[in-house]
1. Look at segment 8-67 and say how many of its residues are at pLDDT 80 or above and not in a helix (DSSP H, G or I).
2. Just to be sure, is residue 96 under 19 Å from the mean Cα position of the chain (by Cα), part of a helix (DSSP H, G or I), loosely packed, with under 11 Cβ neighbours inside 10 Å and not basic (Lys, Arg)?
3. Name the residue, out of 30, 8, that is touching a helix residue (DSSP H, G or I) at 6+ places or on another chain (Cβ under 7 Å) and either under 26 Å from residue 95 (Cβ atoms) or surrounded by 15 or more Cβ atoms within 10 Å (Cβ to Cβ) (or both).
4. Looking for whichever is within 28 Å of residue 10 (Cβ to Cβ) and either free of Cβ contacts under 8 Å to residues at least 12 places away in the same chain or aliphatic (A, V, I, L, M) (or both) here; the options are 104, 74. Which one fits?
5. Could you list, ordered by first residue, the pairs with Cβ atoms under 7 Å in which the first is in segment 15-28 and more than 13 Å from residue 99 (Cα to Cα) and the second is assigned to a helix (DSSP H, G or I) and among the β-branched types (Val, Ile, Thr), at least 6 apart or interchain?
6. Look at residue 89 and say whether it is at pLDDT 80 or above, in a helix (DSSP H, G or I) and not aromatic (Phe, Trp, Tyr).
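The values are calculated or read from the model by the stated rules, or taken from the named source; none is laboratory data. These figures come from a predicted structure and were not determined experimentally. So basically every Cβ, Gly included, is an ideal-geometry build from the backbone, and we count neighbours across all protein chains shown.
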Amino acid sequence: MTREWKAALLSLLGGPGMGQMYNRDWKKGAILIGVTLLLLAWVVVIVFQSVSTALGDGPPSPEMIERAKSEATRLMMPRLKSGVPVWTILWVYGVLDAWFVGRRQSA
């Protein structure tokens, strides 16, 4: 397997930035990994806020848990839908950049 394919597969399977690290493009790899981690943290915060808002205070009853599930979904879905295209673009960019840089390095 050639260098460009290894780098592209690392970015595809390992996440944005991994192929750049394999290509020794440390700065770009660190930026892509950092942005990916920030997006992941943003999703975790959104889910936590939505669930805690939906549950409210006090001990949860089974009815409250069911109501909280639908309320949390209602609150978080619009926000998550805005993050998915950003992550998809970041992922595709990471794969293509890793492949092209790996190809240039192996030439």
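1. 6
2. Working: under 19 Å from the mean Cα position of the chain (by Cα): yes; part of a helix (DSSP H, G or I): yes; loosely packed, with under 11 Cβ neighbours inside 10 Å: no; not basic (Lys, Arg): yes.
Criteria not met by residue 96.
3. Values: 30 fails: touching a helix residue (DSSP H, G or I) at 6+ places or on another chain (Cβ under 7 Å).
The match here is 8.
4. Details: 74 fails: within 28 Å of residue 10 (Cβ to Cβ).
After applying the criteria, what remains is 104.
5. Filtered contacts from segment 15-28: 15/36.
6. Working: at pLDDT 80 or above: yes; in a helix (DSSP H, G or I): yes; not aromatic (Phe, Trp, Tyr): yes.
It is true that residue 89 is at pLDDT 80 or above, in a helix (DSSP H, G or I) and not aromatic (Phe, Trp, Tyr).
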